[in-house]
1. When you scan segment D:535-544, do you find a residue that is in contact with a Phe, Trp or Tyr (Cβ under 9 Å, 6 or more places away or on another chain) and either more than 14 Å from chain C (Cβ to nearest Cβ) or charged (D, E, K, R) (or both), even just one?
2. Return the only residue of B:VAL38, B:VAL4 being over 23 Å from B:GLY138 (Cα atoms), in contact with a Lys or Arg (Cβ under 8 Å, 6 or more places away or on another chain), without any contact (Cβ under 8 Å) to a residue 24 or more places away in the chain and not assigned by TED's automatic domain parsing to the domain that holds B:ILE127.
3. When you look at B:GLY170, is it touching a residue at least 40 places away in the same chain (Cβ under 8 Å) and closer than 19 Å to B:VAL129 by Cα, yes or no?
4. Criterion first (under 26 Å from D:LEU265 (Cα atoms) and either among the aromatic types (Phe, Trp, Tyr) or in contact with a helix residue (DSSP H, G or I) (Cβ under 7 Å, 6 or more places away or on another chain) (or both)) does D:ILE450 satisfy it?
5. Restricting to segment D:196-226, count the residues that are within 14 Å of chain C (Cβ to nearest Cβ) and crowded, with 21+ Cβ neighbours inside 10 Å.
6. Which condition number does D:VAL270 fail, the rest of (1) of a type in the set (Val, Ile, Thr); (2) within 19 Å of the chain's Cα centre (by Cα); (3) within 14 Å of chain C (Cβ to nearest Cβ) being met?
7. Scan segment B:55-112 for residues that are surrounded by fewer than 24 Cβ atoms within 10 Å (Cβ to Cβ), among the charged types (D, E, K, R) and at positive phi and report the count.
8. Out of D:ALA324, D:ALA424, D:ALA317, report the one residue that is within 14 Å of another protein chain (Cβ to nearest Cβ) and surrounded by fewer than 24 Cβ atoms within 10 Å (Cβ to Cβ).
Amino acid sequence: MNLNATFISGRTVNQGCNLENKTSKAYFDAAAYCEMNSGDASSLGVEPGNNVKVTTDHGSVVVPMAICDGNPDGLVFIPMGPWANAVVDPDTKGCGMPGFKGIPAVVEPTDEKAPTMPELMARLK
Amino acid sequence: MQTVTLVPKEQFKISVEAETITPDNFAGKSADEIGAVVAYEGNAPRPLSELFEISVDGSADAADDVKIEINGNVNRVKRIGEAMTAGLIMINGDVDMRCGAKMKGGTITIKGNADSWVGQEMTGGEINVQGDASYYVGAGYRGEACGMRGGKITVFGNANDFVGEHMCGGEIVIKGNAGIMPGVSNKGGKIVIGGDTDMPGSEMTKGTIIVKGKVKDMMPVYQKEGIESVDGEEFTKYVGDVVVDGVGELFVK
Amino acid sequence: MIIKDVLCPFCGCLCDDLAVEVENNKVVDVKHACKIGASKIMGHDRIKAPMMRDDKNGEFREVSYDEAINESAKILANSKRPLLYGWASGVCEMMKKGVLLNEEVGGIIDNTASVCHGPSALGVHEKGLPTGTLGQFANRSDLVVFWGCNPVQAHPRHMSRYSVFNKGFFTAKGRKSRKVVVFDVRKTDTAEMADEYVQVNPGEDYLVISALRAVVADKADVVPDSVGGVPKEKLVELGEAMKGAKYGMVYFGMGLTQSRGKYKNIDNAVSLITELNAHGKHSILPMRGHYNVTGFGQVCAWETGFANAVDMSRGIPYYNPGETCSNDLLMREEIDAAMVIAGDAGAHFPAQSIARMGKVPVIQVDPFHNPTTEMANIVIPTKVSGVELEGTAYRMDAVSLRMRKLVDVDFPSDEEVLDKIIAKIREIKGASS
Amino acid sequence: MSEMRIKNATVYDPINGINGDLMDIAVKDGKIVDSVGGSAQTIDAGGRLVYPGGVDAHTHIAGSKVNVGRIMRPDDSRLNNKPRTKVTRPRTGYTVPNVYSMGYGYAEMGYTTAFEAAVPILKARHTHEELEEIPILDKAGLTLFGSNWMVMDAIREDDLDRLAAYVAWGLLASRGWGIKIVNPGGGEAWGFGKNVSGLDDPVPNFEVTPRQIVRQLAEANEKLNLPHSIHLHCNNLGKPGNYETTLATFDVCKDIKSKRDRQSLHVTHVQFNAWGGNHWGDIESKSEPIADYLNKNDFLTIDMGQLVFGSATTMTADGPVQYANARLLKARWSNGDVELEDSSGVTPLEYHPQSYIHGIMWAIGLELALLTKDPWKVLMTTDHPNGGPYVNYPMVMTMLMSKKRREKEMEKIAELTFDRTSIAGIDRELDWYDIAIKTRAAHAKVQGIIELGKGHLGVGADADIAIYDIKPDETDATVEFDKVEAAFRHAAYTIKGGEIVVKDGEITATPKGRTYWVKATAPADGHERMMEDLKMKFKKYYSVNMANYMVQDEYVEHPYVFETGYQ
């Protein structure tokens, strides 16, 4: 089954620690995951570390799932970075700022692999 | 009557700034003279003759006798009709940002869509957008107290967010839906939205907003006044924004 | 050797109390810093030499600085609409050169604020910004609100140095001197440490702020039973608590600038603070990200009159976010060249924007390999400011401080690279005119 | 060796008593000399008006407040724009110009020196970054001390030597020129949203009064033998009835003696502090008692703070007055509290001639200048950009010179203004010599920079020279004010340090100017006690470490260090 969610992105300590280390595994671990609460995770039937596919009107991305029980039902979070960027809204709403938060999204379990940073970027060339 | 026809020679990619395309500026000029008028493609000055096929039919002594017809897409040509005082511009296609900014008189008709800031800070005249308009229809420049002060803008399709931001006078009609916060911080004028919108009238001190479709998020700062009829249709009338001691009138179905 | 009073070149806290141990020109230990700051100063693998490639999918080849600089100058000099993006991870001295370069090439200069606190500046245009320096808040604030920001993750020492746990002149009991309230769409780590957590529906902050303004103005009667997911009685309680504060402080982040309404959220929050000043003292401060993103706004404002997103194509500075910010331009596909310097567009722009950057020549000036490198044609490595280079940075509260140099390296500074590019561009343009 | 001769100059150089003499001026290596050789570059002034380069003793041209104004006001930065040229950088802004326009604008009017009038020490680095970027002008900053915790603690503990030592240290830390006091004590009170109501209202939590702050800082100023006196923005600025506070404040310093040939108190932008009445409804001019006081006493000077109708951006360390303004006018409001030191606020506003309040303010500035007999006692300023932008100085100059010009302005001003002011009945018209005093000579004297070669054209002085396209002996300024204003707006030549920087009103060169600052020695034991206090305050209350606080040499690339101190 799928989860209809609201997507947001944002900073984390680990994403910050690896801002100058973005080719590393550590950066992948810090920025390539999708957080949701336990209830949403079990309704999706996924365990931490299982991959999920997050899809919005603007794109989709596969990342591992992680639990954050601070999230209300239906709120999913990916740290700021190339993985989040695959699904954010590029429209600047007349004020220069793309939509990094509050985007309607669908999350589903997947067997697809999460792309590495260079793989993600290669799609854009 | 002088009719000036411009046909873009290509689909511009880098935006062209052409505040020089106005009836005031073209009145009495020959095709060659108009061709020598300069616009900017990015940082590069370009005579209009390099950008457009230009033909002129008839002649005029003043702007009010000039019609400019643009045949083709100018969705990368900004500031067309800026500060025009009279005459007619007919755009048979889409147009880029700030079309009709600071317009004082005359008419601009856009057959296609208008990008953001159509009619920015206009004080008079009329703009008709037959397609959709993007953000900030009839709004102001950053930090200015007033957006539109007079004249009329009609959008036959939909408009994006911030319609009539800081509006101080004039009228905006959106036949379709409008994005969030139409009439935000307005101090006068009238906005009519045929379709749906969200959060209308925040910080409205004076002015009128009529929403004929649905409002999903009402601002929590309006005093409900009861049912009132406007042009034969019944609306719930609200007054506010109370936070700014506003006496703006908001009519919602 | 231990170098004291070192400034941290990571976030807008610009902590200036670090002690860094340097042995044989290598940083071996960083004391007092947070995990992120320590990680930054300890350093990471870096780009060793300038690189170029003709095809973005091709391999890079190492080139000399002169070759990379000359090629960059050629691209920029021949561009009709170049974008110069980044700037926040550099010192003010290089930013001044950036503004000059933008004049030379008639391009657009935009810094990372356009995907961060750019909307805050738009809010300031509407209403101003009642604020102060961090020490003022540390010494006085008895009510601290974090709205749409999460300092535990993004500004790890903020709460201990400036806002929550520290003791000040009028806040001698530290944490106990203050009530801490968090407004957010999810219960963050910061919310866990707060006295009160107020959950707001995503995208409905603006409505909640308006409702609070109504409460503060004694006009709660018009407020409906629930606004933005917050019950009216809670809003009344919070509004009254704010009115009762001696020194109320609101720190806000991307939760306001990036969600629905964007700058209007800031506009509205500033009004709330302004109105609260009729009751007690209240201030508001954006939680700026990069250690010197604030500095770019300052430099760009005094140089051009505008804090960011300045289009110089007509020889006169023009500013209009929505029209002149990086993502506006990229989504319209109207730039024909880009320089990304001291910022990482590749990692922090929407994929569609980056795809459009992929279609034009991209020059990267940065010490580190990152997603922008993947999209670049020319890569010019430089010194790490604040570690290998001294210079000026502005803390999130616009207090400027001088960054220290900790170690010596052979890389050129951003400023030196910019100087050379400008000289070369003048040569090219001089020859053609 | 660069040499220049300006011949046939009609020179007004009040410091050297030259009153319209037709003479030549010789310049060598940036200084005025007796004579130069035949090969010197020669400018024929043709009998035109020649003044020393203008000096502005009180303006807000650099630092955080100005930048707050710029960032808040893109609507202002879109005004007055000029593209870059081969010589100049692009220019933007009217009330808050960018740094380039700031320097070019002054130079175009024949000004060569300006004093930034409010520098919080913690933000002084920023001020100097901007000052360095302002082309052409020599400049200096006045350092804020009036609500500073170190100052108030030393005063409460009655330790004048420690206070003097802190002032010396603060000037060094900020690379400042003198002591600025804004709404003494009010900045601290504003830390909790309060204000002080007058000279004897104690500052909350610090138990010192504004009177004590003014008095003790004035004493410390003389103890350190500083080149400038204390520079004071009085309490209750912007409030009807405030003239009483102003007069009482004058008295506080009446018996302070200076070893230098200057005032012992400078009170700034007095227009904003010479208001009678009890509220906005009955506000009236009280310029007469103020001018009367100035006419009877020689220990103090003031500046006008003249109002100019149109757009202004008010900016001051007087935080509470700015909040009051913003609320009254429903205007944008930026506040800027500075920990342990002061407050500040920035609010844009528009002065309307049809508002009698603004009309009265307009009248008061001119009345102060015209009712005070000695032209040396009242400097011409607009408190840029509080009363209006400095680019309007030429207009203010003509208002001082021509009753007809004033009458022309009065035609557009609200009637009620003239029931509450005396401006309509004032006949006095200043002459070319008076204007030279009011726009350069007196500014240099008040700031103590005559000995640095500023504000005059004596041998050894800086070759800062303004040549205006007007012949004093053929021009009746009382009638031909439009011509005079045009001439003052665009100097025929502005020469800065011997270099032509403006020709025919256009910028021709953009050399970097100097920054003056004062290095003062303090009483040694006072210094010791001060350092102990300071270290404690940095440890406990400042958000920056002491080691990172002081302005480093890198930020003052063109310094001129004036050494003085306790003897």
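The values are calculated or read from the model by the stated rules, or taken from the named source; none is laboratory data. From a predicted model like this one, the values you see are computed outputs, not experimental measurements. No Cβ is skipped: glycine too gets one built from the backbone with ideal geometry, and neighbour counts run over all protein chains shown.
1. yes
2. Sole residue among the options that is over 23 Å from B:GLY138 (Cα atoms), in contact with a Lys or Arg (Cβ under 8 Å, 6 or more places away or on another chain), without any contact (Cβ under 8 Å) to a residue 24 or more places away in the chain and not assigned by TED's automatic domain parsing to the domain that holds B:ILE127: B:VAL38.
3. So B:GLY170 fits the description; yes.
4. When the stated conditions are applied, D:ILE450 passes them.
5. First pass over segment D:196-226, keeping only residues within 14 Å of chain C (Cβ to nearest Cβ): D:203-206.
Next, only the ones that are crowded, with 21+ Cβ neighbours inside 10 Å stay: D:203.
Result for segment D:196-226: 1.
6. (3)
7. 1
8. Numbers: D:ALA424 fails: within 14 Å of another protein chain (Cβ to nearest Cβ); D:ALA317 fails: surrounded by fewer than 24 Cβ atoms within 10 Å (Cβ to Cβ).
Among D:ALA324, D:ALA424, D:ALA317, only D:ALA324 is within 14 Å of another protein chain (Cβ to nearest Cβ) and surrounded by fewer than 24 Cβ atoms within 10 Å (Cβ to Cβ).
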